[in-house]
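The values are calculated or read from the model by the stated rules, or taken from the named source; none is laboratory data. Note that this is a predicted model, so its numbers are computed, not measured. No Cβ is skipped: glycine too gets one built from the backbone with ideal geometry, and neighbour counts run over all protein chains shown. Quick note on the areas: whole protein, heavy atoms, side chains included, nothing else; ligands and nucleic acids left out. Shrake-Rupley method; radii C 1.70, N 1.55, O 1.52, S 1.80 Å.
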Amino acid sequence: VYTIPFAFTPNPLAATLFTGILHVAAVALCWWVGRRYGGPVAGLCAALLFASSPWAVFFSRKIWEPNLLPPFALASMVTGLLAFLEGRRWALVAHLSLLAIAVQFHYTGSLLAPLTVLMLIVYRKRVDAWMLVIGIGLAMVTAIPFVLSLVREWRGVQPVLSGLISGTPRWDGESLRLWWVTVTGSNIHSLAGSPAYLDFLRSLPDLRLLHWAVGFLVVGGVAFGLWQVVDRDAGMKQSAGLKPAATTVAALWAILPVFVMLRHSTPLYQHYFIVLFPAPYLAAGFFVAWLMASRRFWVRLGVTAGIVSIAVMQGIVVLVLLNLVGRQATPGGFGVPLRI
């Protein structure tokens, strides 16, 4: 993927900007899919929350394979919805190819595969067998360089894999904690390093209320999406623009990493949760669209003011952080991506 910017210039700044451009495109795609399956309110809300998410911004500003996951994971899920929910034959080929590419960015990309299997089972009557075969074939072709590199470096890879497998599995709530931090933007002060994080916190009001507000919208969106499995008409009763299947897929995508990583034999790191972007905000967008369908004016006004306030405050947090990073050294935190 990075051969695209490097085909024009060897300057690494181009690759950094390329990563950011892909993430901006992901925000636009987030708006599109939210609008298509939830209406204008859902699309706008999801895009606002995604664009202003501090950790989403952070992961879009560095040349690193896992940072390419959000745009490709979203493109994979969008084509999956088009293929399975709408029966678009070409979309199945694109979906499987994009899924294979996402897995190769980081192994957590494989967390998208269960959603593909689920949609394949539920909507099997809409699946074109030839498109399925072609899609699987193209997916395998994209993996050829990766497989060849594994074969060449097997002597070095084998001990690493053995060490991972031999670890003692344990159950804990670390995945839930990292999920909450990533989704809500909490602990973003850690990027300022020590002791600069104290200056960062002093320059802003208490952010806990902001984090809880984002968490409420996301958890509400996940619960709303899962409720569609029980009552598929729950969203339709108030908003004709909501598609129950899409809300359920977004909810499952948003929480799947949490449950898969409850049991782990290696340390968990925050970048393992990059794969969930922008699912939590899509789920929140669908939830907000359902709330906004209320006929009560004060409900619509309150929800609108809340979403705008959250986006503005999150944006301010990001700008203050970037200003701090550019103004002074932040050892142990977030450095300037490139300074020429």
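Restricting attention to the range 6-23, which residues are among the β-branched types (Val, Ile, Thr) and touching a residue at least 24 places away in the same chain (Cβ under 8 Å)?
Thr16, Thr19
Does the range 236-243 contain any residue that is assigned to a helix (DSSP H, G or I) and open to solvent by 10 Å² or more (accessible area, probe 1.4 Å)? Scanning the range 236-243, I find no residue that is assigned to a helix (DSSP H, G or I) and open to solvent by 10 Å² or more (accessible area, probe 1.4 Å), so the answer is no. Scanning the range 214-232 for residues that are aliphatic (A, V, I, L, M), closer than 22 Å to Gly302 by Cβ and surrounded by fewer than 16 Cβ atoms within 10 Å (Cβ to Cβ) gives a single hit, Ala223. Restricting Gly80, Gly39, Gly34 to residues that are at pLDDT 95 or above, under 17 Å from Gly241 (Cβ atoms) and not hydrophobic (A, V, I, L, M, F, W, C) narrows the list to Gly34. Can you give me the number of residues within the range 106-117 that are over 17 Å from Ile136 (Cβ atoms), in a helix (DSSP H, G or I) and within 14 Å of the chain's Cα centre (by Cα)? Matching residues across the range 106-117 total 2. Hey, could you check the range 44-77 for residues that are farther than 15 Å from Leu276 by Cα and at pLDDT 95 or above and say which is most open to solvent (accessible area, probe 1.4 Å)? Per the criteria, the residue is Leu44. When Val27 is tested against (1) among the β-branched types (Val, Ile, Thr); (2) in a helix (DSSP H, G or I); (3) more than 13 Å from the chain's Cα centre (by Cα), exactly one condition is not met: (3).
Scanning the range 115-133 for residues that are of a type outside the set (A, V, I, L, M), within 20 Å of Leu252 (Cβ to Cβ) and either open to solvent by 70 Å² or more (accessible area, probe 1.4 Å) or without any contact (Cβ under 8 Å) to a residue 12 or more places away in the chain (or both) gives Arg124, Arg126. Trp90 falls short on exactly one of the conditions (1) farther than 20 Å from Val214 by Cα; (2) touching a Phe, Trp or Tyr at 6+ places or on another chain (Cβ under 8 Å); (3) at pLDDT below 95, and that condition is (2). Summed over the range 83-96, the residues that are of a type outside the set (Lys, Arg), touching a helix residue (DSSP H, G or I) at 6+ places or on another chain (Cβ under 6 Å) and open to solvent by 20 Å² or more (accessible area, probe 1.4 Å) give a count of 5.
For every residue, the table says whether it meets (1) assigned to a helix (DSSP H, G or I); (2) touching a Gly at 6+ places or on another chain (Cβ under 7 Å); (3) free of Cβ contacts under 8 Å to residues at least 60 places away in the same chain.
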position: Ala42; (1), (2), (3): yes, yes, no
position: Ala46; (1), (2), (3): yes, yes, no
position: Asn67; (1), (2), (3): yes, no, no
position: Ala75; (1), (2), (3): yes, no, yes
position: Val78; (1), (2), (3): yes, no, yes
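Condition test on Ala139, is it within 18 Å of Pro257 (Cα to Cα), within 24 Å of the chain's Cα centre (by Cα) and touching a residue at least 24 places away in the same chain (Cβ under 8 Å)? So Ala139 does not fit the description; no.
Here Thr182 clears all of (1) under 26 Å from Ser265 (Cα atoms); (2) surrounded by fewer than 15 Cβ atoms within 10 Å (Cβ to Cβ) except the condition numbered (2). Run down Ser175, Ser186 and say which single residue is under 17 Å from the mean Cα position of the chain (by Cα), modelled with pLDDT of 90 or more and either not in a helix (DSSP H, G or I) or not polar (S, T, N, Q) (or both). The unique qualifying residue is Ser186.
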